[in-house]
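Structure record follows, encoded as structure tokens.
Throughout, read-outs are computed from the coordinates displayed, never taken from laboratory work. Remember, predicted model here, so these are calculated numbers, not experimental data. So basically every Cβ, Gly included, is an ideal-geometry build from the backbone, and we count neighbours across all protein chains shown.
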Amino acid sequence: MTLRSAIPLLLFIMLAAALFTGLYLDPRLIPSALIDKPAPTLDLPPLPGKEPGFIATDLAKGSVTLVNVWASWCGPCRIEHPQLMQLAASKKIRMVGINHKDTESNALKFLADLGDPYDTIGVDKTGRVSIEWGVYGIPETFIINGQGRIVFKHVGPLTQFDVDEKLLPAIEAAK
Amino acid sequence: MTMRICMVTSSYPRYPGDIAGTFILALAQASVPMVGAARNDARLMSLAGPAAFGQLAFLVLAFAALTYAFVNSDFSLLVVANNSHTAKPLLYKIAGVWGNHEGSLLLWVLILAVFGAAVALFGGNLPMALRARVLSVQAMIAVGFLLFTLLTSNPFERLIPSPPDGNGLNPLLQDPGLAFHPPFLYLGYVGFSMAFSFAIAALIEGKVDAAWARWVRPWTLAAWVFLTIGVAMGSWWAYYELGWGGWWFWDPVENASFMPWLAGTALLHSAIVVERRDTLKSWTILLAILTFSLSLLGTFIVRSGVLTSVHAFATDPARGVFILGFLVLVIGGSLILYAVRAPGLKGGGLFAPISREASLVLNNWLLATACATVFLGTLYPLFVDALSGGETKLTVGPPYFNMTFAPLMTPLLMLMPLGPLMAWKRGDLPGVLARLKFALGFAVLAMLLAWYVMQRGPVLAVFGIGLGVWLIGGALTDAAERIKLFRAPLGVIWARAKGVPRASWGAMLAHGGVGIMVLGITASTAWTEEKITLMRPGDQVRAGAYDYLFTGAEQVAGPNYSALRGHFEVSRDGKPLLSLSPEARTYPTPPMDTTEAAIYPTLGGDLFAVIGAPQGDAWSTRLYFRPLQSWIWAGALLMALGGIVSLSDRRHRVGAPHRAVAASPIIQAAE
């Protein structure tokens with residue numbers, strides 16, 4: 001054996017190690033650039049009856065907050081809604097909604113039909129705040145710690161599994 | 001695990017446990033002949049042939065049983081229930097056999113067995129020990145894949161009680177182009193296992209010579225032809241089924257089939273050097289190992305979901321771990337063998353920088369580098385992800401590939417016409433260039449024409465047109481030179497044409513095909529006209545020289561889908577030509593929407609229409625004129641045809657195992 005003839009073997013060993021690590025990573029898992037960063041500071045007007053709306057400074061007032069971005073036109077939001085209702089019933093966490101590019105009447109009808117898990121809801125008519133939050137597909141759910149920093153982000157509908165295995169541990173860790 | 005499968009299958013006699021039986025047979029074929037070859041025991045070695053035939057017989061039976069189950073919608077088989085449906089047309093019931101993970105693996109091993117049996121059948125002129133070792137290595141690969149099938153993906157897994165109907169096949173896959181795409185791809189992938197087995201056998205024996213190269217070449221060529229057709233079919237499918245007019249996306253799964261193609265193309269050319277000049281041996285062996293390794297890696301990428309891709313139809317880490325373990329064993333093992341034995345493979349010395357062999361080495365460098373570039377781009381996201389512990393996600397898109405791949409291909413293509421005209425040992429560069437003066441003249445003319453007609457269209461595109469014409473001109477020059485066209489009486493020309501080896505005709509066809517493909521790629525990329533608009537019935541839009549009149553859209557019902565069908569009347573200069581009826585289909589099981597573009601290919605370009613969702617009283621439509629689009633696939637088919645013609649060469653069929661002597665000036669292999 002010479003070093004030259006062993007070069008392909010050495011390169012392959014490196015490749016195999018990378019492939020092995022890669023098997024246990026989820027290529028669909030997208031990290032948020034905002035994790036551990038302070039939440040964006042824009043405010044939103046309230047959905048009628050859900051005052052005071054989205055007040056960014058409230059996020060840094062010591063309690064852990066869940067921020068959920070949703071819309072009445074969004075199918076997956078309906079799928080995750082029972083999980084949000086359950087979470088609200090457990091009173092573990094303050095829940096804030098951002099109503100994304102929706103109409104007022106549709107949003108209210110959605111809540112009337114399926115129940116209302118939110119303590120307050122801000123209306124993001126233009127999607128401007130969602131852009132600040134790095135939202136690219138709703139529903140998305142964030143956990144904000146008492147200092148107003150984003151500690152967790154979930155893209156897509158929350159399943160019971162997501163709530164039990166990811167969301168609740170993140171809430172506990174944030175407290 | 002194997003036990004459980006034996007039990008399951010034996011209690012339902014309609015699906016005999018033939019994979020388990022094949023597995024035992026493969027184990028025997030993998031070990032006994034190898035020991036026989038080491039001990040020089042003819043009795044043990046002679047087991048290889050019958051075992052290879054037996055394996056094939058068993059696997060044909062297994063495949064037939066699975067096909068029977070699909071055709072008759074027997075949902076007591078898990079894989080049928082998961083992937084088929086009673087309402088599916090017969091063609092897709094059959095294609096459904098390999099349209100899923102388990103069935104496609106069975107097809108993989110079946111094809112492997114076909115190649116193994118072919119060696120047993122046609123390998124009579126091989127030395128007995130080499131034949132035994134080759135078949136033994138083939139069987140080792142079969143053992144790995146059969147074990148994988150048995151442990152993680154048994155197609156004969158039962159589902160009792162069975163459901164009344166199945167889940168259906170992914171509608172994107174219900175397409176004639178894709179129905180036959182995987183078999184061709186697999187014939188290519190698996191075909192390279194032959195070159196691999198020959199390489200391993202040669203490493204074990206420590207002997208690589210011209211005879212060895214001559215045995216390997218037809219197998220490599222056959223695999224290459226299949227893979228060329230397979231890759232072309234895949235891109236054709238993407239072109240008309242995905243509905244955006246794109247035909248190559250540098251998607252990981254596309255790259256997975258393209259990398260073995262690049263390496264296999266290099267192998268095809270380097271084996272010529274081994275055959276004719278008895279040198280470049282360890283490199284050729286390494287290429288044979290790498291080509292098949294890339295084929296295995298291709299299987300790994302598609303079947304494990306290690307990279308996300310629009311093609312990821314099967315994703316399952318358990319399967320991934322097994323395939324990776326198998327990869328490490330096969331590739332790692334053969335590279336260890338290579339590391340130990342390669343230094344002993346001494347070639348026939350140096351050669352002149354201007355010669356046929358030097359041009360083939362350059363070809364190999366450029367192809368190998370291009371392959372490495374694609375490899376890096378495909379796996380880089382994985383490396384970054386792995387090194388950062390899952391923190392950094394990134395994707396490598398077409399800009400990377402276009403920026404790295406094209407500059408590597410350009411010199412390769414520019415030099416391509418020179419190689420076949422070059423003499424072995426010492427070439428005459430000024431002489432070769434002088435002979436190519438007509439090709440060069442036509443290329444310059446074509447560039448001027450393109451510059452003028454396309455109103456100074458992109459400089460690179462004009463260059464691409466010149467390159468394509470240069471390649472075609474080069475192939476024609478080669479042919480003209482060989483038959484003394486314009487320089488000898490017709491009788492002499494005819495006699496010379498018959499005297500030129502088919503392998504050389506094959507090379508000219510294939511190289512000309514590359515030129516046609518370059519023209520197609522250039523024109524369709526640079527000068528496509530695209531109109532995306534909302535149209536009401538009666539609206540007219542112009543793309544290229546064609547006017548598309550939208551006459552309306554309606555709902556229609558297909559055998560297992562419903563569709564929105566739009567109607568366009570196409571005319572040119574006021575003269576009605578044809579009508580196009582694209583569809584937007586909705587499949588209920590599994591729920592999915594697909595676009596069926598209406599495409600009318602002409603020699604000058606493709607007319608391409610897509611209908612989208614209605615918006616009020618209008619429909620969103622996309623209409624294209626894509627110049628020279630079908631030349632891409634015509635070029636690819638010509639390349640494959642070249643391979644077939646070359647394969648019919650007498651030298652390959654006879655495969656006389658003697659060392660080649662210096663070539664006479666006429667009968668120069670040119671592939």
Please state the Cα pair-distance histogram of segment B:34-192 with 10 angstrom bins from zero: what percent is in each bin? 11, 35, 28, 16, 8, 1
Loop by DSSP (not H, G, I, E, B), at most 13 other beta-carbon atoms within 10 Å: where is the longest site-free stretch of chain A for chymotrypsin sites (Phe, Trp or Tyr not before Pro)? A:25-135
Using the Karplus equation 6.51 cos²θ - 1.76 cosθ + 1.60 (θ = phi - 60°), what ³J(HN,Hα) coupling, rounded to whole Hz, does each residue of segment B:492-503 give in order, writing x for Gly and Pro? 5, 4, 4, 4, 5, 4, 6, x, 5, x, 4, 4
By the Cα gyration tensor axes a ≥ b ≥ c (a/c under 1.5 gives rounded; else a/b larger than b/c gives prolate, otherwise oblate), the shape of segment A:68-152 is oblate
Once you list every other residue whose beta carbon is under 13 Å from the beta carbon of residue A:108, what net charge do they have if Lys and Arg are +1 and Asp and Glu are -1? -2
Which trypsin sites (Lys or Arg not before Pro) in segment B:481-537 sit in a loop by DSSP (not H, G, I, E or B) and have at most 10 other Cβ atoms within 10 Å of their own Cβ? B:487
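Within a Cβ distance under 14 Å of residue B:89, other residues only, what is the Lys/Arg minus Asp/Glu net charge?
+2
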When the helices in chain B are scored as -39500 (n - 2.57) per DSSP H run of 4 or longer and the sum is shared across all residues, what 222 nm value do you end up with, to the nearest 500 deg cm²/dmol? -20500 deg cm²/dmol
Straight-line reach from residue B:531: which aspartates and glutamates fall under 18 Å, measuring Cα to Cα and dropping same-chain residues less than 8 apart? B:539, B:547, B:569, B:583, B:596, B:606
One quarter of the C-alpha convex hull surface, i.e. the mean projected area of segment B:338-463 in nm², amounts to 12.2 nm²
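What whole-number volume per residue, in cubic angstrom, does the convex hull of the C-alpha atoms of segment B:553-594 give?
On the way: hull volume 2.6 nm³, N = 42.
Each residue corresponds to 63 Å³ of Cα convex hull volume.
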In segment A:75-134, which trypsin sites (Lys or Arg not before Pro) are in a loop and have at most 12 other Cβ atoms within 10 Å, using DSSP for the loop call? A:91
How compact and how long is the protein assembly as shown, expressed as Rg and Dmax of its alpha-carbon atoms in Å? 30.8, 99
Reachable aspartates and glutamates from residue B:207, Cα under 12 Å, same-chain residues fewer than 8 places away excluded? B:278
Given labels modelled 7 Å from the Cα in the Cβ direction, how far is it in nm from residue B:425 to residue A:162? 7.3 nm
In terms of the Cα gyration tensor, with a ≥ b ≥ c the square roots of its eigenvalues, is chain B rounded because a/c is under 1.5, prolate because a/b exceeds b/c, or oblate? oblate
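For segment B:518-568, what is the Kirkwood estimate of the hydrodynamic radius, computed as the reciprocal of the mean inverse distance between distinct Cα atoms, to one decimal in Å?
Its Kirkwood hydrodynamic radius stands at 13.4 Å.
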Karplus (6.51, -1.76, 1.60) ³J(HN,Hα), θ = phi - 60°, over segment B:260-273, in Hz, Gly and Pro reported as x: x, 5, 5, 5, x, 5, 4, 4, 3, 7, 6, 5, 4, 5
For the pair residue A:114 and residue B:577, the simple spin-label estimate (label points 7 Å beyond Cα toward Cβ) gives in nm 4.9 nm
Karplus 3J(HN,Hα) series, Hz, for segment B:404-419 with 6.51 cos²θ - 1.76 cosθ + 1.60 (x for Gly, Pro): 9, 6, 4, x, 7, 6, 4, x, 4, 6, 5, 8, 4, x, 6, x
So the pair-distance distribution of segment B:395-534, from every Cα-Cα distance in 10 Å bins, comes to percents of 11, 34, 31, 16, 6, 2, 0
Reachable lysines, given that their alpha-carbon falls under 27 Å from the alpha-carbon of residue B:484 and they are not under 8 places away in the same chain: B:425, B:437, B:498
Residue B:42 versus residue A:128, label points 7 Å from Cα toward the beta carbon: distance in nm? 9.2 nm
Using Cα-only point scatterers and the Debye equation, what is log10 of I(q)/I(0) for segment A:109-173 at each q in 0.19 Å⁻¹, rounded to two decimals? -0.97
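Do the alpha carbons of any pairs in A:50/A:166; A:37/A:61; A:92/A:166; A:153/A:175; A:37/A:91; A:61/A:101 sit beyond 20 Å of each other, and which pairs?
Over 20 Å Cα-Cα: A:50/A:166; A:37/A:91; A:61/A:101.
Rounded to two decimal places and with Rh computed the Kirkwood way over Cα pairs, what is Rg over Rh for chain A?
1.16
Taking the Kirkwood radius as the inverse of the mean 1/r across Cα pairs, report the Rg/Rh of segment B:173-219. Can you show the working numbers first?
Values: Rg = 15.5 Å, Rh = 12.4 Å.
Here Rg/Rh amounts to 1.25.
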Binning at 10 angstrom from zero up to the longest distance, how are the C-alpha pair distances of segment B:531-632 distributed in percent? 16, 46, 29, 9, 0
